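Visitor: The structure that follows is given in the form of structure tokens.
Please treat every number below as a calculation from the coordinates, not as lab data. Source: prediction; values computed, not measured. Every residue, glycine among them, receives a Cβ derived from its backbone with ideal geometry; neighbour counts consider all protein chains shown.
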Amino acid sequence: MDSGIDSKITENEVENIISKLRSSKARDECGFHTNFLKHYKSCFLVPVTHLINLSITQAVVPLSWKVAKLTPIYKPGDKTDPANYRPISILPIFSKIAEKWVANSIIEHLNDSNPGLHPMQFGFRTLHSTENGCLCFC
């Protein structure tokens, strides 16, 4: 099956994405945490790159990359009251890497394509903000 994506992620891109992941000891559903992956990234570069490229070329996201681990985080108040907890989702690390690469690829494509993004598009763009948008209309 053709995924429609012509490029593949490189080991260098995987390494850069891993380096930029927020450090955490929270384990995903598979038992990995970002601190572990960052510390041993040289061991993971080849297999992670291969897995992501398989996902891209086959246009299939592994089921294990779609499972988040929900963890309740306590907020102030009565600890026995469920309303005083907020859920956070701990996403699989490998899916974070793949998603970051896909997002970067889409943004790069939109920035480089002709026609690209409209000059008045300020949201979700690097070096653009709502302040820039407001200044254009003043």
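Visitor: Please order 99, 131 by the number of other Cβ within 10 Å, starting at the fewest.
Guide: Arranged by neighbour count, lowest to highest, 99, 131 become 131, 99.
Visitor: For the chain, with a Gaussian network of springs between Cα atoms less than 10 Å apart, report the residue from 71, 57, 34 with the top mean-square fluctuation.
Guide: Per the Cα network of the chain with a 10 Å cutoff, 71 tops the list.
Visitor: I need the calculated FRET efficiency for the pair residue 8 and residue 80, taking r as the beta carbon distance and R₀ as 35 Å, to the nearest 0.05.
Guide: 0.10
Visitor: Residue by residue through the stretch 42-50, which ³J(HN,Hα) values in whole Hz follow from phi under the Karplus form 6.51 cos²θ - 1.76 cosθ + 1.60 (θ = phi - 60°), with glycine and proline marked x?
Guide: 4, 6, 9, 4, 5, x, 5, 4, 4
Visitor: Normalise the Cα radius of gyration of the stretch 1-80 by 2.2 N^0.38 Å (N = residues in it) and let me know the number.
Guide: Ratio of Cα Rg to 2.2 N^0.38 Å: 1.39.
Visitor: Say a site is exposed when it is one of the trypsin sites (Lys or Arg not before Pro), sits in a DSSP loop, and has at most 12 other Cβ atoms within 10 Å; what is then the longest site-free stretch of the chain? Could you put the intermediate results ahead of the total?
Guide: Details: sites that count: 22, 25, 79.
No qualifying site falls inside 80-138, the longest such stretch.
Visitor: Under 10 Å, Cα contacts only: if you run a Gaussian network model on the chain, which one of 113, 42, 105 comes out with the highest mean-square fluctuation?
Guide: Top of the fluctuation ranking is 113.
Visitor: Please check: in the Gaussian network model of the chain (C-alpha springs, under 10 Å), which one of 124, 32, 44 has the largest mean-square fluctuation.
Guide: 124
Visitor: Tell me, what is the percent relative contact order of the stretch 7-57, built from C-alpha pairs under 8 Å that lie six or more residues apart?
Guide: It comes to 44 percent, rounded to a whole number.
Visitor: Calculated from the structure, Kirkwood radius over Cα pairs in Å equals which of (1) 16.2; (2) 15.8; (3) 17.8?
Guide: Correct label, based on the coordinates given: (3).
Visitor: Then there's this: Using Cα pairs closer than 8 Å and at least 6 residues apart in sequence, work out the relative contact order for the chain, in percent.
Guide: Answer for the chain is 23 percent.
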